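What follows is a short report on a single structure.
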Ligand code: HEM
């Protein structure tokens, strides 16, 4: 028996002919499309929400610790840099939420046609921007 | 190792482990987060920027405190499971195990810190 390539436990290990693998195909081998881009951005926004989440945890812990600690954390969050993080996180949250809802719709067996998905993606992208602007104005 | 057949070598490497449960967990937490996150953005956004005494008074009210506690609890739980999918897609072996354990430690610690803090403010 010829020597077999070592097989591993995750997808890139079984890539014996060195073909390009998802998600590293976008751009290099595959033209960006609404489907692929909206998918990877759901992941990127979901992960990036950790930053704002930890900042908010810090704010709560500081508020529980007393006025001095609160002044430090609150000062950071309400600074221009904290505002910038919260602004982009608000958008990321609405984007992730609207595209998360698309997953729930898909799971119910609906909207599985490519043109329907793309239309939802375009509407949700606009929707996430509008909701972010709404929150910035109202709050 | 030459005696192992290809089928045996492949068995257990694919999906069909606990994926269904993981997926269902993501769905449940997603649905729960929909109202929670919306209410949290509105309530947290309303009080952010206020002075210390007002913030304390605000989170001593049951409704803002409960929304914040539930959002932290379910949110970090959803994050830990979601980040796990990402880790499993791009890494393997010891790196994968280490990262998953790390993400869990971080997520549950963050949730515990937040919830303890909110309860402390509220009581
Ligand atoms: C309204 C609230 C939310 C909804 C409806 C929602 C929905 C979803 C859904 C359906 C998935 C699965 C995506 C997939 O199968 O590819 C997902 C993944 C994920 N979510 Fe959320 N989510 C919400 C809030 C959050 C929050 C607050 C965070 C972070 C603190 C977060 C972080 C993540 C991460 C890291 C993933 C994994 C990304 C991936 O596997 O590509 N989500 N979310």
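What is the average number of partner chain Cβ atoms found within 10 Å of a Cβ in A:67-79?
Average neighbour count from other chains, rounded to a whole number: 2.
Tell me what chain B gives for mean residue ellipticity at 222 nm when only DSSP H runs of n ≥ 4 count, each as -39,500 (n - 2.57), the sum divided by the residue total, rounded to 500 deg cm²/dmol.
Rounded to the nearest 500, the figure is -28000 deg cm²/dmol.
Which whole number gives the average count of other chain Cβ atoms within 10 Å of the Cβ atoms across peptide B:35-42?
So the per-residue partner count for this stretch is 3.
Simple spin-label model, 7 Å along Cα-to-Cβ: residue A:25 to residue B:4 in nm?
The modelled label-to-label distance comes out at 2.9 nm.
When B:26, B:72 are ordered from fewest to most other Cβ atoms inside 10 Å of their Cβ, what list results?
By the 10 Å Cβ count, ascending: B:26, B:72.
Please give the calculated 222 nm ellipticity per residue for chain A, where each DSSP H segment of at least 4 residues contributes -39500 (n - 2.57) and the sum is spread over every residue; nearest 500 deg cm²/dmol?
Value at 222 nm, helices only, nearest 500: -24500 deg cm²/dmol.
Between the helical axis of A:67-77 and the dominant principal axis of chain A, each derived from Cα atoms, what acute angle in degrees is found, rounded to the nearest 10?
Around 50 degrees separate the two axes.
Taking the Cα centre of each part, how many Å lie between segment B:85-123 and segment A:19-94?
16 Å
Taking only Cα atoms, what is the 0 to 90° angle, nearest 10, from helix A:80-107's long axis to the longest principal axis of chain A?
50 degrees
Determine, from the Cβ-Cβ distance of residue B:104 and residue A:44 and an R0 of 35 Å, the FRET efficiency 1/(1 + (r/R0)^6), rounded to the nearest 0.05.
0.95
Build a GNM of chain B with springs between Cα atoms under 10 Å: which of B:46, B:32, B:68 gets the top mean-square fluctuation?
So, out of B:46, B:32, B:68, the one fluctuating most is B:46.
Using 0.36 nm per residue, how much length does the chain from residue A:129 to residue A:101 gain when fully extended, once their Cα-Cα distance is taken away?
Full-extension gain reported as 8.5 nm.
Which residue, B:93, B:45, B:12, has the most motion in a Gaussian network model of chain B that connects Cα atoms within less than 10 Å?
So, out of B:93, B:45, B:12, the one fluctuating most is B:12.
Got a sec? Which residues in segment A:97-139 would a label at residue B:23 touch, if it sits 7 Å along Cα→Cβ and we count backbone N under 20 Å?
Within reach of a label on residue B:23, which here means backbone N under 20 Å from a point 7 Å along Cα→Cβ, segment A:97-139 contributes A:99-114, A:117.
How would you rank B:89, A:115, going from fewest to most other Cβ atoms within 10 Å of each one's own Cβ?
A:115, B:89
Does chain A come out rounded, prolate or oblate, given a ≥ b ≥ c as the square roots of the eigenvalues of its C-alpha gyration tensor, rounded meaning a/c under 1.5 and, failing that, prolate meaning a/b above b/c?
Oblate.
Sort B:55, A:51 so the one with the fewest other Cβ atoms within 10 Å of its own Cβ comes first.
Taking fewest neighbouring Cβ atoms as first place, the list is A:51, B:55.
Could you work out the mean count of beta carbons from other protein chains within 10 Å of each residue's beta carbon in B:65-74?
1
Laboratory data are not the source of any read-out in this text; all were calculated from the coordinates shown. Bear in mind the structure is a predicted one, so any value in this text is a computation, not a measurement. Note that we place each Cβ from the backbone using ideal geometry, even for glycine, and neighbour counts take in every protein chain shown.
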